[in-house]
1. Testing residue 70 on (1) open to solvent by less than 70 Å² (accessible area, probe 1.4 Å); (2) farther than 27 Å from residue 41 by Cα; (3) without any contact (Cβ under 8 Å) to a residue 40 or more places away in the chain, one condition comes back false. Which one is that?
2. Please enumerate the residues belonging to the stretch 31-56 that are among the aliphatic types (A, V, I, L, M), open to solvent by 70 Å² or more (accessible area, probe 1.4 Å) and farther than 30 Å from residue 106 by Cα.
3. Kindly indicate whether residue 76 is farther than 19 Å from residue 18 by Cα, without any contact (Cβ under 8 Å) to a residue 40 or more places away in the chain and among the aromatic types (Phe, Trp, Tyr).
4. Restricting attention to the stretch 92-105, does a residue exist that is more than 30 Å from residue 48 (Cα to Cα) and either modelled with pLDDT under 85 or in contact with a helix residue (DSSP H, G or I) (Cβ under 8 Å, 6 or more places away or on another chain) (or both)?
5. Please verify whether the stretch 109-122 includes one or more residues that are in contact (Cβ under 8 Å) with a residue 60 or more places away in the chain, of a type in the set (Lys, Arg) and in contact with an Asp or Glu (Cβ under 7 Å, 6 or more places away or on another chain).
6. Considering only the stretch 123-146, how many residues are touching a Cys at 6+ places or on another chain (Cβ under 7 Å) and either over 14 Å from residue 104 (Cα atoms) or free of Cβ contacts under 8 Å to residues at least 24 places away in the same chain (or both)?
7. Do you know which residues across the stretch 103-153 are surrounded by 15 or more Cβ atoms within 10 Å (Cβ to Cβ), over 17 Å from residue 31 (Cα atoms) and hydroxyl-bearing (Ser, Thr, Tyr)?
8. Residues 80, 76: which one is farther than 20 Å from residue 151 by Cβ, loosely packed, with under 12 Cβ neighbours inside 10 Å and not aliphatic (A, V, I, L, M)?
Amino acid sequence: QELADSFSLKDLKSIANFPEEMKAFKQTIEVVEECDRTRLKLQADIAENMNLVKALVVKAEDVRLVGNMENMKRIYAQLYELNLELIGEYKKRARNHAELVKNLKTVHSMIQKAARLRTGKYKTQVVQECRKAIKSNNIHALVDIFRSGQAGN
């Protein structure tokens, strides 16, 4: 950008190759994808456990109404254990989310770095292309965009 400013250029296109940065970026993308897979698995586990909680609460109420206190205690003990599992799952989910956010910030930072290598319409184009690639889940196209300013080159 300083080069463009000093020569009074409105638009400056560039091709950049930073192998170490791209290697680190690809690792970040892998972590993001793994976090996303983990997030989906955790959501499914939590939903399954919540359905089990609902069923046990109904069962405990039914047993209470018929006066079977021994079974009611057993069911509430199961609910307690399930609640502890849910708390553990929530903690895993929170850690996974924190890791995902950290890595997404790194992706955003790389997009900003790639945009700063250009000026004017080319800078805007890089950001738009990156948004399109992320929206279409074509994460690996980002490497091409970072290098040349557009996808598929």
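1. (1)
2. 50, 52
3. When the stated conditions are applied, residue 76 passes them.
4. No; the residues of the stretch 92-105 include none that is more than 30 Å from residue 48 (Cα to Cα) and either modelled with pLDDT under 85 or in contact with a helix residue (DSSP H, G or I) (Cβ under 8 Å, 6 or more places away or on another chain) (or both).
5. Yes, because at least one residue in the stretch 109-122 is in contact (Cβ under 8 Å) with a residue 60 or more places away in the chain, of a type in the set (Lys, Arg) and in contact with an Asp or Glu (Cβ under 7 Å, 6 or more places away or on another chain).
6. Matching residues across the stretch 123-146 total 1.
7. Scanning the stretch 103-153 gives 119, 122, 148.
8. When all the criteria are applied, what remains is 80.
The values are calculated or read from the model by the stated rules, or taken from the named source; none is laboratory data. From a predicted model like this one, the values you see are computed outputs, not experimental measurements. So basically every Cβ, Gly included, is an ideal-geometry build from the backbone, and we count neighbours across all protein chains shown. In case anyone asks, the SASA skips ligands and DNA or RNA and just uses the protein heavy atoms, side chains included. Shrake-Rupley method; radii C 1.70, N 1.55, O 1.52, S 1.80 Å.
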